[in-house]
Amino acid sequence: MRTKLTKLLGISYPVLQGGMAWISDASLASAVSNAGGAGIISTGGRTTEYTRAEIRRCRTLTNKPFGVNVMLMAPNKEEIVEVICEEKPAFVTLGAGNPVPYFGKFHAAGIKVIPVVPNVRLAKRVEANGADAIVAEGMEAGGHIGSIATMPLMTQVIPEVAIPVVMAGGFADGRGLAAALIMGAAGVQMGTRFLVAEECPVHEKVKQCLLAATDTDSIVTGATIGGAVRGLRNKFSEEFVALELSGKATKEELLRKATGTNKLAAVDGDTEHGMMQAGQSLTPLKEIEPAAAILGRIVREAADLLTNAPARMR
Ligand SMILES: Cc1cc2nc3c(=O)[nH]c(=O)nc-3n(C[C@H](O)[C@H](O)[C@H](O)COP(=O)(O)O)c2cc1C
């Protein structure tokens with residue numbers, strides 16, 4: 001399956017596994033890359049030592065291209081960027097801040113730059129400044145989100161830029177991948193779908209909550225304090241939103257309450273007090289299986305739909 005994205009990265013299938021803070025490590029990233037997509041190691045919340053070690057570990061697990069994600073709100077982002085430039089993964093994705101000042105450094109190190117953007121204005125801005133591709137992420141996605149949904153983003157971003165557009169937010173099956181490609185996307189990025197991969201190190205208790213969840217089980221916290229984050233409904237997220245809406249807590253109090261809750265769920269498995277970041281496409285998560293099985297099925301389904309599309313419309 002060849003698209004502008006597969007050509008840019010030298011991969012077989014136009015699917016990225018999105019960077020997921022405290023979760024997507026070399027095990028998951030290499031499994032996705034070995035299966036023909038491109039995995040991404042997350043550095044959000046991590047040290048430079050962790051970042052270097054995971055990139056090196058990933059190289060022992062795959063000889064295929066993989067990427068590294070930088071959260072630009074991380075206090076140690078400058079040091080993380082240095083380490084990535086030294087270790088030279090195939091590409092980086094950059095979110096939650098202004099990515100433009102880092103383009104030159106990554107390009108000088110031979111690393112492709114793929115910013116994550118939530119609207120047309122930023123898509124055009126990063127293209128004008130030399131981004132190699134973009135991930136346009138809709139508010140159906142898990143984790144930190146913007147305010148525009150995936151379909152209106154696809155409708156409006158794809159015709160406005162010439163660089164490859166990777167769509168993210170709510171993709172979980174082959175029909176979604178086929179639809180994005182028909183719309184003119186160069187591929188999709190999925191996070192939530194890979195949370196239930198066998199190789200995904202998210203806590204087992206979180207995996208079980210994901211398997212039990214359906215379409216209405218996600219909720220957005222932090223929308224009133226300028227940092228919207230989508231995750232599963234649980235004691236923490238429902239009480240947090242109720243507190244936000246009550247107006248009884250200051251922004252600082254809310255920020256303090258939210259800090260550390262992602263790690264609490266993902267690493268410690270506290271599914272009551274932690275924030276289990278996840279997107280809206282939850283019903284397809286039915287079993288824990290290897291990343292290669294998830295990706296293989298999605299690609300086969302998309303290829304079949306694309307081949308047989310004309311016959312379906314007769
Ligand atoms: C648990 C979780 C953690 C995430 N952490 C990050 C992150 O650290 N950096 C980032 O750029 N995106 C992050 N994301 C967003 C994903 O990379 C991806 O764009 C998103 O999951 C796509 O939407 P989907 O969840 O509907 O597949 C996260 C998503 C999830 C589900």
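Things to note:
- Dividing the helix sum by the residues of the chain, where each DSSP H run of 4 or more adds -39500 (n - 2.57), gives a mean residue ellipticity at 222 nm of -12500 deg cm²/dmol.
- Region 36-104 versus region 179-221: alpha-carbon centroid distance in Å: 21 Å
- Dipole of region 171-253 [Lys/Arg +1, Asp/Glu -1 at C-beta], most positive-end residue of Gly247, Ile182, Phe194: Ile182
- Size of electric dipole in the chain: Cβ of Lys, Arg +1 and of Asp, Glu -1, about Cα centre, debye, nearest 20: 780 debye
- Using Cβ point charges alone (K and R +1, D and E -1), the dipole size of region 204-266 about the Cα centre works out to roughly 180 debye.
- Average Cα contact separation per residue, region 204-266, under 8 Å, 6 or more apart, as relative contact order %: 27 percent
- When the Gaussian network model of the chain links Cα atoms closer than 10 Å, the mean-square fluctuations of Ala38, Ala278, Ala249 top out at Ala249.
- Relative contact order, whole percent, for the chain stands at 17, derived from Cα pairs under 8 Å and 6 or more residues apart.
- Candidates per trypsin sites (Lys or Arg not before Pro) in region 215-259, loop by DSSP, up to 14 other Cβ within 10 Å: Lys248
- Positive-end extreme of charge dipole, region 204-266 - chosen from Ser218, Gly231, Leu264 (charges on Cβ): Leu264
- Each peptide among 149-159, 209-219 gets the average number of other Cβ atoms lying within 10 Å of its residues, and from highest to lowest they stand as 149-159, 209-219.
- Exceedance of the 18 Å cut-off in Cα-Cα distance is limited, within the set Lys7/Lys105; Lys205/Lys263; Lys4/Lys112; Lys235/Lys257; Lys64/Lys286, to Lys7/Lys105; Lys64/Lys286.
- Taking a Cβ cut-off of under 13 Å around Leu305, the surrounding Lys, Arg, Asp and Glu residues balance to a net charge of +1, with basic ones at +1 and acidic ones at -1.
- Placing unit charges on the Cβ atoms of the charged side chains and taking the dipole of the chain about its Cα centre, the candidate lying farthest along the positive direction among Leu9, Ala29, Ala136 is Leu9.
- For region 1-94, the square roots of the Cα gyration tensor eigenvalues, ordered a ≥ b ≥ c, give a/c of at least 1.5 with a/b greater than b/c, which places it in the prolate category.
- Computed from point charges on the beta carbon alone (+1 for Lys and Arg, -1 for Asp and Glu), the dipole magnitude for region 249-313 about its Cα centre is near 240 Debye.
Every read-out reported here was derived from the displayed coordinates using simple, explicitly stated rules and does not represent laboratory data. Given the structure is predicted, the values throughout are model-derived calculations rather than measurements. Neighbour counts are summed over all protein chains in view; Cβ atoms, including those assigned to glycine, are modelled from backbone coordinates with ideal geometry.
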